[in-house]
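Here the structure comes first, spelled out in structure tokens, and everything after it is commentary.
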Amino acid sequence: MRAGQRMRPFIGAALAWACAAAAHAGSPHAFRPPPFSSMPGGQYGALVREGYRIFEQTPRYAGEYTGDALSCESCHLDGGRRSDAVPLWAAFGMYPRYQTRAGQVISFQQRLQQCFQFSENGYPPPLDSQVMRALTAYSHWLASGAPIGVELPGGGLKPVPKTGHDPDPVAGRRVYANRCAVCHGSDGHGKKVDGQYRYPPLWGSASFNRGAGMAKLPVAAAFIKANMSYGHADLTDQQADDVAAWMELQDRPADPRKGVLAWLLER
Ligand code: HEC
Ligand code: HEC
């Protein structure tokens, strides 16, 4: 108890520093979404705010569709505003678009359903559900003034260039211990403060499943390189590849498209 109290100012200072550093991260030429202070009023504004709440605290406000401890914001940083962390303002105007995985042209809402199924390890909210309406309104607002059908700088993730070496999970394990475990826990299961996740789980039953984008090594490496450790992204390309390879070896929920047998075989 007393040790906990003594730690608190330290954690507070560390977080303040991380947030200040994080505010200056990202692509310098990226599109600037409207500031939170300019959220609209009226019915549209209410829906936008509801979408923001769901985005920030997904298990709490969209628990019926969520099967893990992650919120949209766990990966789409700063409420989906941060460039090079798959920002919503860059995504919104690019739909409908052809998606190889689906083998068809999909709408923005169908793309949201996929993140629920895989990144949230949950269920796709129906297209006419309130959760879907709210998340779509929030994304629409963040993209205010952004051109439609144009790839914007800072959108998606920047691929990590080829290093000439294979990703090495053993080296990745060291990177993890030195640079990640302090927040995400030495077991990778995240850390809670007052019963709420302060740091999200990177693997284990409360994390994204194997069907998620983040479960693919190049996607995880690109996210980590641009954004981790939080507020202080300074890994080399090789370190980002290595730690992503280490993450990929860990246990997590199976791809729901593959069924129970795959889940048993993967264990
Ligand atoms: C585990 C991390 C993670 C979580 C949690 C997550 N996403 Fe994603 N999301 C991604 C990644 C990574 C991509 C890009 C996938 C790829 O490139 O394969 C993505 C893609 C998207 C896209 C399409 C982006 C584009 O540029 O086309 C949208 C929209 C989206 N997510 C919305 C959401 C919403 C809404 C939630 C919460 C319900 C959510 N995501 C939760 C990681 C996550
Ligand atoms: C200073 C604390 C801190 C450190 C150190 C840190 N992270 Fe994170 N990480 C976070 C926070 C906080 C989030 C979620 C951001 C949010 O919710 O706004 C996050 C999110 C993530 C996510 C997406 C969400 C998930 O659970 O999968 C991945 C992947 C990730 N971190 C990987 C890493 C890796 C790999 C390292 C080491 C190179 C690392 N992080 C170091 C704080 C940290």
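The values are calculated or read from the model by the stated rules, or taken from the named source; none is laboratory data. The structure presented is a predicted model; accordingly, all values stated were derived computationally and were not measured. Neighbour counts are summed over all protein chains in view; Cβ atoms, including those assigned to glycine, are modelled from backbone coordinates with ideal geometry.
Numbers below:
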{"quantity": "Residue within the stretch 194-213 that is within 10 Å of ligand 1 (Cβ to nearest atom) and outside any loop (DSSP other than H, G, I, E, B) present", "calculated": "yes"}
{"quantity": "Scope the stretch 58-79; condition more than 11 Å from the chain's Cα centre (by Cα) and within 10 Å of ligand 2 (Cβ to nearest atom); matching residues", "calculated": "Asp68, Ala69"}
{"quantity": "In the stretch 71-89, residue farthest from Gly122 (Cα to Cα) [restricted to those that are small (Gly, Ala, Ser) and more than 6 Å from ligand 1 (Cβ to nearest atom)]", "calculated": "Ser83"}
{"quantity": "Residue match in the stretch 164-185 (condition: part of a loop (DSSP other than H, G, I, E, B) and hydroxyl-bearing (Ser, Thr, Tyr))", "calculated": "no"}
{"quantity": "Among residues of the stretch 107-137, those that are touching a helix residue (DSSP H, G or I) at 6+ places or on another chain (Cβ under 7 Å) and over 26 Å from Ala215 (Cα atoms), counted", "calculated": "3"}
{"quantity": "Members of the stretch 196-235 that are of a type in the set (S, T, N, Q), crowded, with 19+ Cβ neighbours inside 10 Å and near ligand 2 (Cβ under 9 Å from one of its atoms)", "calculated": "Ser207, Asn227"}
{"quantity": "Selected residue (only one of Phe55, Phe118 is out of contact with any Ser or Thr (no Cβ under 8 Å at 6 or more places or on another chain) and within 10 Å of ligand 1 (Cβ to nearest atom))", "calculated": "Phe118"}
{"quantity": "Cβ-Cβ under 7 Å pairs, at least 6 apart or on other chains, the stretch 110-125 side in the same structural domain as Phe92 (by TED's automatic domain parsing) and among the small types (Gly, Ala, Ser), far side within 16 Å of ligand 2 (Cβ to nearest atom) and assigned to a loop (DSSP other than H, G, I, E, B)", "calculated": "Ser119/Leu70; Ser119/Phe208; Ser119/Ala212; Gly122/Thr66; Gly122/Gly67"}
{"quantity": "Options Arg133, Arg82; residue that is more than 16 Å from ligand 2 (Cβ to nearest atom) and charged (D, E, K, R)", "calculated": "Arg133"}
